[in-house]
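Asks: First the structure, which I've put down as structure tokens, then a few questions once you've had a look.
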Amino acid sequence: MDKPSLENLLEIRKKLKKNKLPKIHGGMKAFNPEIGGFEVIPREDELEIRWNIHKNGKRISSGVYKFSQLCKEPEFEKLRLDVGWLIADLLELEANNMLQSIPGPNEAMKESEFYRKLASSWRHWAQVEAGFMIFE
């Protein structure tokens, strides 16, 4: 799935509903040399996301921000789109790996669906405006 442009987000957002924040926890991480990686780091009462985005194997963007900043502050909209899309892409890769590695088709679909749902949640988070998600 291609990442939308910031201009396209206005139209996309008209159709999005409020959802809970995507599942996130300290220690969560993934990496692929072609697209980049991320790591969730617990800091005091806050989670930080450290990431680097690759294009054709070369780093084009990196950073470390508090998850709450990315969720709630409008000035981080572009970063939220980039980071959320990266995490969703990595989860989709894992879903595809599950399909390839598990021999039984029913078991493979069940396991891959878990990662696809997570990816969908992160794509939703990436596209909504700041503060739109349900915070619990």
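The values are calculated or read from the model by the stated rules, or taken from the named source; none is laboratory data. A quick note: this is a predicted structure, and the numbers were derived from the prediction, not measured. Every residue, glycine as well, gets a Cβ built from its backbone with ideal geometry; the counts of neighbours run over all protein chains shown.
Asks: Got at least one residue in the stretch 48-60 being assigned to a strand (DSSP E or B), farther than 16 Å from Pro22 by Cα and touching a His at 6+ places or on another chain (Cβ under 9 Å)? Before you say what the answer is, go through the steps one by one.
Replies: Just the residues of the stretch 48-60 that are assigned to a strand (DSSP E or B), to begin with: 48-55, 58-60.
Okay, now just the ones that are also farther than 16 Å from Pro22 by Cα, so 50-55, 58-60.
Within this subset, residues satisfying the condition of being touching a His at 6+ places or on another chain (Cβ under 9 Å) are 60.
Looking through the stretch 48-60, at least one residue is assigned to a strand (DSSP E or B), farther than 16 Å from Pro22 by Cα and touching a His at 6+ places or on another chain (Cβ under 9 Å).
Asks: Let me ask something else. I'm trying to understand the selection: among the residues of the stretch 103-122, which are hydrophobic (A, V, I, L, M, F, W, C), within 23 Å of Val83 (Cβ to Cβ) and either without any contact (Cβ under 8 Å) to a residue 24 or more places away in the chain or surrounded by fewer than 17 Cβ atoms within 10 Å (Cβ to Cβ) (or both)? If you could, list the steps in order and put the result at the bottom.
Replies: Residues of the stretch 103-122 that are hydrophobic (A, V, I, L, M, F, W, C), as a first pass: 108-109, 114, 118-119, 122.
In the following step, the residues that additionally are within 23 Å of Val83 (Cβ to Cβ) were identified as 114, 118-119, 122.
The one that is hydrophobic (A, V, I, L, M, F, W, C), within 23 Å of Val83 (Cβ to Cβ) and either without any contact (Cβ under 8 Å) to a residue 24 or more places away in the chain or surrounded by fewer than 17 Cβ atoms within 10 Å (Cβ to Cβ) (or both): Phe114.
Asks: For the stretch 70-91, name all the residues that are within 15 Å of the chain's Cα centre (by Cα) and of a type outside the set (A, V, I, L, M).
Replies: So in the stretch 70-91, the residues within 15 Å of the chain's Cα centre (by Cα) come out as 70-71, 76-91.
Scanning the stretch 70-91 gives Cys71, Phe76, Glu77, Lys78, Arg80, Asp82, Gly84, Trp85, Asp89.
Asks: Could you please let me know if Leu93 is touching a strand residue (DSSP E or B) at 6+ places or on another chain (Cβ under 7 Å) and either in a helix (DSSP H, G or I) or crowded, with 18+ Cβ neighbours inside 10 Å (or both)?
Replies: Values: touching a strand residue (DSSP E or B) at 6+ places or on another chain (Cβ under 7 Å): yes; either in a helix (DSSP H, G or I) or crowded, with 18+ Cβ neighbours inside 10 Å (or both): yes.
Spelling it out, Leu93 is indeed touching a strand residue (DSSP E or B) at 6+ places or on another chain (Cβ under 7 Å) and either in a helix (DSSP H, G or I) or crowded, with 18+ Cβ neighbours inside 10 Å (or both).
Asks: Looking at the stretch 119-136, which of its residues are outside any helix (DSSP H, G or I) and not acidic (Asp, Glu)?
Replies: Of all residues in the stretch 119-136, those outside any helix (DSSP H, G or I) come to 128-136.
Scanning the stretch 119-136 gives Val128, Ala130, Gly131, Phe132, Met133, Ile134, Phe135.
Asks: Still on this structure, I have one more. Looking at the stretch 12-47, which of the residues that are of a type in the set (A, V, I, L, M, F, W, C) and part of a loop (DSSP other than H, G, I, E, B) is modelled with the lowest pLDDT? Outline the logic, then answer.
Replies: To start, the set of residues in the stretch 12-47 that are of a type in the set (A, V, I, L, M, F, W, C) comprises 12, 16, 21, 24, 28, 30-31, 35, 38, 40-41, 47.
If we keep only those that are part of a loop (DSSP other than H, G, I, E, B) too, we end up with 16, 21, 24, 28, 35.
On the way: Leu16: 88, Leu21: 92, Ile24: 94, Met28: 96, Ile35: 93.
Among those residues, the one meeting the criterion is Leu16.
Asks: Also: What do you reckon, is Phe76 within 26 Å of Asn8 (Cβ to Cβ), part of a helix (DSSP H, G or I) and hydrophobic (A, V, I, L, M, F, W, C)? Before you say what the answer is, go through the steps one by one.
Replies: Working: within 26 Å of Asn8 (Cβ to Cβ): yes; part of a helix (DSSP H, G or I): yes; hydrophobic (A, V, I, L, M, F, W, C): yes.
It is true that Phe76 is within 26 Å of Asn8 (Cβ to Cβ), part of a helix (DSSP H, G or I) and hydrophobic (A, V, I, L, M, F, W, C).
Asks: Turning to a different aspect of this structure: Which numbered condition trips up Met1, out of (1) in a loop (DSSP other than H, G, I, E, B); (2) more than 21 Å from Tyr115 (Cβ to Cβ)?
Replies: Condition (2) is where Met1 drops out.
Quick grid of which residues meet (1) loosely packed, with under 15 Cβ neighbours inside 10 Å; (2) hydroxyl-bearing (Ser, Thr, Tyr):
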residue	(1), (2)
Met1	yes, no
Leu10	yes, no
Ala30	no, no
Trp51	no, no
Lys58	yes, no
Glu75	yes, no
Ala88	no, no
Ser101	yes, yes
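Asks: I'm told Glu46 meets every condition in (1) surrounded by fewer than 16 Cβ atoms within 10 Å (Cβ to Cβ); (2) acidic (Asp, Glu); (3) within 16 Å of Leu91 (Cβ to Cβ) except one. Can you identify the failing condition by its number?
Replies: Every listed condition holds for Glu46 apart from (3).
Asks: Looking at the stretch 4-62, which of its residues are more than 17 Å from Met133 (Cα to Cα), out of contact with any strand residue (DSSP E or B) (no Cβ under 9 Å at 6 or more places or on another chain) and hydrophobic (A, V, I, L, M, F, W, C)?
Replies: Matches in the stretch 4-62: Leu6 only.
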